[in-house]
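Below is one structure, written out as structure tokens, with a few remarks after it.
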Amino acid sequence: MITEDFALVKEIFSTIDVGIVDGYDYFRFEVEVGDGYIDTELTVERNGVAIASAKTDINDAMLYGLVKRLRESAGQRGEFWISFVLSYRQGGQVKTAFKYDKD
């Protein structure tokens, strides 16, 4: 991941972090990008319990735009990922994992 990508990941993290209304101990944000679609899933834990419908106030259009820019940036370097996971536990480090197209 290069500097520009790091800045985009920080923006994605910040958007999710401030958008989880009732707080959290841990979150996992998973994104899958395909031809003409972006599928996302947000998992939130509070006090060790998964919150099935965590209340959020996330600007989805802005978030999708950041994901699109991140994917385009990687694609310019020949890194064609199809999904990624961003996770964070309070007091820990932000972790990212990318899944790449097999083609």
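FYI, it's all coordinate maths here, none of it is from the lab. What you are looking at is a predicted structure, and each value in this text was computed from that prediction instead of being measured. As a convention, Cβ positions derive from the backbone with ideal geometry for all residues, glycine included, and neighbour counts pool all protein chains shown.
Quick one: grab the alpha carbon gyration tensor of the range 1-44, order the square roots of its eigenvalues as a ≥ b ≥ c, and give me rounded if a/c is under 1.5, else prolate or oblate depending on whether a/b is larger than b/c.
oblate
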Mind pulling the angle between the C-alpha long axis of helix 3-19 and the longest principal axis of the chain? Nearest 10 degrees, somewhere in 0 to 90. 30 degrees
DSSP loop GluC sites (Glu not before Pro) in the range 41-77 with at most 11 other Cβ atoms within 10 Å of their Cβ, which ones? none
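For the chain: lysine pairs with Cα atoms under 23 Å, gap of 8 or more or different chains, count?
8
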Find, among the chymotrypsin sites (Phe, Trp or Tyr not before Pro) in the range 13-103, those assigned to loop by DSSP (not H, G, I, E, B) with at most 14 other beta-carbon atoms within 10 angstrom. 80
Grab the Cα-Cα distance for residue 80 and residue 6, subtract it from 0.36 nm times how many residues apart they are, and report the gain in nm with one decimal. 25.0 nm
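Rounded to the nearest 20 debye, what is the charge dipole size of the chain about its Cα centre when +1 sits on each Lys and Arg Cβ and -1 on each Asp and Glu Cβ?
260 debye
Which longest uninterrupted range of the chain lacks any trypsin sites (Lys or Arg not before Pro) assigned by DSSP to a loop state (not H, G, I, E or B) and surrounded by at most 11 other Cβ atoms within 10 Å?
On the way: sites that count: 55, 77, 102.
Answer from the scan: 1-54.
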Using a 10 angstrom cutoff on alpha carbons, build the Gaussian network for the chain and name the most mobile of 36, 91, 48. 36
Give the angle, between 0 and 90 degrees and rounded to the nearest 10, that separates the Cα long axis of helix 60-76 from the longest principal axis of the Cα atoms of the chain. 40 degrees
Hydrodynamic radius by Kirkwood for the chain, inverse mean 1/r across distinct Cα pairs, in Å, is 14.2 Å
